[in-house]
Structures are given as structure tokens and as C-alpha cells.
Amino acid sequence: MWQQAKGQKKQRAVWIVETILGKSLPKGAVVHHVNEDESDDRKENLVVCQDQGLHNIIHGRIKAFKACGNARWKPCRHCHQYSDPSLLIKNGSSHYHQKCATEYQRHFKRSRQDENIYQSSL
Ligand SMILES: [Zn+2]
Ligand SMILES: [Zn+2]
């Protein structure tokens, strides 16, 4: 079994988990290291993610937790401050404060207006 691992691009941790479970993980599965130490392959440090997308979400939560102490919070795309998602507007995969979006749009509009004034004065 360990012989088969050689030459294959599989996470070492995936092989360890498969050995523990006694079966193969689904294709695309990624093993996350709870303490973020990739070399720490202790059983209690390994969590199976069904795919890389879920793994990215977990890392996003860790990042949020480190930044603001709350794993559920999301960063605002405009001011980059972490906030409770209930205070943010969700747009696809990005989040922002209503206030920041308004300010951003006002700024954008103002620069567009300046442009128009500039062009009409030519
Ligand atoms: Zn990870
Ligand atoms: Zn903001």
C-alpha cells in the first residue's frame, strides 16, 4: 500500500487517513491540518475536506478567526475590516458594508462627473 504511494501526487496526509479509515477517500478530497502544520500528521490533527473549495472555506475561517476572533465573520471588500455577516451585504463570494459601498459609489460617480465636466469643457 505504501509502495503505491510513491510517485503519486497525493497528499501524504490523505494516505494516512485512508490507512486509518481502511478505504479510499473520494477523488478530490483534501486533508486539512487542524494546527496548520502540514508535517503534523497525527490522527487528531487531520480533517478530511470533500474538496479544495471546502478546504479554502476552512482556511478563510481560520484567517477570520485570527484577524478578529470570530471564524464566521467576513472581510469587507472595500475597507477590509472583518464584520458580522448580518451587517454585510453579500454579493457572490464577496461581502461589503452598505456604508462602504455607498462611499465607493459616491467616489466613483464623482470621478465620473469630473470626467464629464472635463470633457464638456473641451
Ligand atoms: Zn488546510
Ligand atoms: Zn467596509
Just wondering, is there one or more residues in the range 29-40 that are over 21 Å from the mean Cα position of the chain (by Cα), within 16 Å of ligand 1 (Cβ to nearest atom) and under 20 Å from VAL17 (Cα atoms)? yes
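One line per residue, one yes/no per condition, for (1) touching a Pro at 6+ places or on another chain (Cβ under 9 Å); (2) surrounded by fewer than 14 Cβ atoms within 10 Å (Cβ to Cβ); (3) under 30 Å from HIS107 (Cβ atoms):
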{"position": "GLY22", "(1), (2), (3)": "no, yes, no"}
{"position": "ALA29", "(1), (2), (3)": "no, no, no"}
{"position": "HIS32", "(1), (2), (3)": "no, no, no"}
{"position": "GLU38", "(1), (2), (3)": "no, yes, no"}
{"position": "GLY53", "(1), (2), (3)": "no, yes, no"}
{"position": "PRO75", "(1), (2), (3)": "no, no, yes"}
{"position": "SER86", "(1), (2), (3)": "no, yes, yes"}
{"position": "GLY92", "(1), (2), (3)": "no, yes, yes"}
Which pairs have Cβ atoms under 7 Å, sit 6 or more apart or on different chains, and link a residue in the range 80-108 that is under 19 Å from CYS68 (Cα atoms) to one that is part of a helix (DSSP H, G or I) and within 16 Å of ligand 1 (Cβ to nearest atom)? TYR82/ALA64
Filter result for the condition that a residue is modelled with pLDDT of 95 or more and within 16 Å of ligand 2 (Cβ to nearest atom), over HIS32, HIS107, HIS95: HIS95
Identify all residues within the range 70-97 that are touching a strand residue (DSSP E or B) at 6+ places or on another chain (Cβ under 9 Å) and small (Gly, Ala, Ser); write none if there are none. SER83, SER94
Can you name the number of the only condition in (1) within 30 Å of ILE16 (Cβ to Cβ); (2) within 10 Å of ligand 2 (Cβ to nearest atom) that ASN56 fails? (2)
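Before we move on, is GLN8 polar (S, T, N, Q), modelled with pLDDT under 95 and not in a loop (DSSP other than H, G, I, E, B)? Step through it out loud before you land on a result.
Values: polar (S, T, N, Q): yes; modelled with pLDDT under 95: yes; not in a loop (DSSP other than H, G, I, E, B): no.
Spelling it out, it is not the case that GLN8 is polar (S, T, N, Q), modelled with pLDDT under 95 and not in a loop (DSSP other than H, G, I, E, B).
Within the range 71-91, which residues are among the basic types (Lys, Arg) and part of a strand (DSSP E or B)? First the steps, then the outcome.
Looking only at the range 71-91, we keep the residues that are among the basic types (Lys, Arg), and these are 72, 74, 77, 90.
Those that are among the basic types (Lys, Arg) and part of a strand (DSSP E or B): LYS74, LYS90.
The values are calculated or read from the model by the stated rules, or taken from the named source; none is laboratory data. Computed from a predicted structure; not experimentally measured. Every residue, glycine among them, receives a Cβ derived from its backbone with ideal geometry; neighbour counts consider all protein chains shown.
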